[in-house]
Amino acid sequence: MPNGFNGAGRVSGVATDADFLDIDLNSYLSYFQINRTGPATSRVLVDGGPPTGNGPDSVETALDVEQIVSIAPGTALYVYEVTYDEPTNGNFIDIYNQVVTDNKIDTLNASYGYCESAMPDGYPAALNAVAKQGNALGITFHSASGDSGSHWDGCNGVAVATPVDLPHNVGIGGTTLSVTSDGHETNEVGWGGSGGGVSVLFPVPHYQAHVQNIITTGRNIPDLAFDAEDVVQRARVGIGPQVVI
């Protein structure tokens, strides 16, 4: 962990519409030799929650909890679970309300989204109001900008999604990191699968107003981006193909 920070004393949360198997998380940590020092995972069933065990989105849930606990093995983790509600995940607002009411976690991750202009009328604004209240309590909401490029289910053409479009949410994108076979970084650019763009519902928030090259028609997404794809290049140009991890 950088500078010794490992999440000890902090509380993380995941918003999801499926349960996961504890054995999957334990096997992941064991394989990568990660010593989890934080307390055991707590499940919070919202509106009754989903069926226990594997469900339609359990792979997504498992990936989320594995990533958070591996990055911050000292964190406490609360997994907020609702029933599977495709395509919009409209019941995620109940998770957000529960998170704010509980006021137990420091940060909530949501790796789901649906085309913002195809959401039920008033839903994105209502969700943003809940997130704003959570921000006032010190809760940070963050969500993925997508993994299908600039397209989202429910929209034709270029679009962004809810909840990543919320001004009171941190939008997280992905990058492609190029490294040589001996581990030296050579380049980092936006990942082609990562979503991003401009909201048609929310104006430019104050914290983006003076950012260089900002598009002024709406909230710009994402706010931050991290390595989502590794391209390993041969040490010498022209020797063998690239390997994508």
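The values are calculated or read from the model by the stated rules, or taken from the named source; none is laboratory data. From a predicted model like this one, the values you see are computed outputs, not experimental measurements. Every residue, glycine among them, receives a Cβ derived from its backbone with ideal geometry; neighbour counts consider all protein chains shown. With ligands, DNA and RNA removed, areas are computed over all heavy atoms of the protein, side chains included. Shrake-Rupley method; radii C 1.70, N 1.55, O 1.52, S 1.80 Å.
Rg/Rh for the range 102-156: what does it come to with C-alpha atoms and Rh from Kirkwood?
Checking Rg against Rh, the ratio lands at 1.02.
Would you work out which of 155, 142, 126 lies farthest towards the positive end of the dipole of the chain, given +1 charges on the beta-carbon of Lys and Arg and -1 on that of Asp and Glu, about the Cα centre?
It is 142, whose Cα lies furthest towards the positive end.
With the contact rule set at Cα under 8 Å and sequence spacing of 6 or more, what percent relative contact order holds for the range 88-169?
38
Exactly which chymotrypsin sites (Phe, Trp or Tyr not before Pro) in the range 26-90 are in a DSSP loop and have at most 16 other Cβ atoms within 10 Å?
Those that pass, being in a loop and sparsely packed, are 32, 84.
Can you pull the Rg over Rh of the range 37-86, Cα-only, Kirkwood?
That ratio equals 0.99.
Can you tell me the length gained on complete extension of the stretch residue 47 to residue 71, counting 0.36 nm per residue apart and subtracting the Cα distance?
Net length gain for the segment: 5.7 nm.
Out of every Cα-Cα pair in the chain, what percent are more than 25 Å apart?
Beyond 25 Å sits 47 percent of the P(r) for the chain.
Taking the solvent-accessible surface of protein heavy atoms with a 1.4 Å probe, what is the per residue accessible area of the chain in Å²?
Normalised by residue count, the accessible surface of the chain is 52 Å².
Rounded, prolate or oblate: which fits the range 84-184 when a ≥ b ≥ c are the square roots of the eigenvalues of the alpha-carbon gyration tensor, with rounded for a/c under 1.5 and prolate only if a/b beats b/c?
It comes out oblate by the Cα gyration axes.
Within the range 9-50, name every residue whose backbone N is under 14 Å away from a label modeled 7 Å from Cα of residue 137 along the Cβ vector.
Within reach of a label on residue 137, which here means backbone N under 14 Å from a point 7 Å along Cα→Cβ, the range 9-50 contributes 11-14.
What relative contact order, as a whole-number percentage, does the chain give when Cα pairs under 8 Å and 6 or more residues apart are counted?
16
Would you calculate a helix-derived [θ] at 222 nm for the chain, using -39,500 (n - 2.57) for each DSSP H run of n ≥ 4 and dividing by the full residue count, to the nearest 500?
About -6000 deg cm²/dmol.
Compute a Gaussian network model of the chain, connecting alpha carbons closer than 10 Å, and tell me which residue from 150, 111, 30 fluctuates the most.
30
Could you give the length gained by full extension between residue 8 and residue 229, i.e. 0.36 nm per residue of separation minus their alpha carbon distance, to one decimal place?
76.8 nm
Test of understanding: what is the full-extension gain from residue 103 to residue 156, defined as 0.36 nm times their sequence separation minus their Cα-Cα distance?
Gain on extension, residue 103 to residue 156, equals 15.3 nm.
For the range 116-245, what class follows from the C-alpha gyration tensor (a ≥ b ≥ c being the square roots of its eigenvalues): rounded when a/c is under 1.5, otherwise prolate if a/b is larger than b/c, else oblate?
Judged from the Cα gyration tensor, the range 116-245 comes out prolate (a/c at least 1.5, a/b above b/c).
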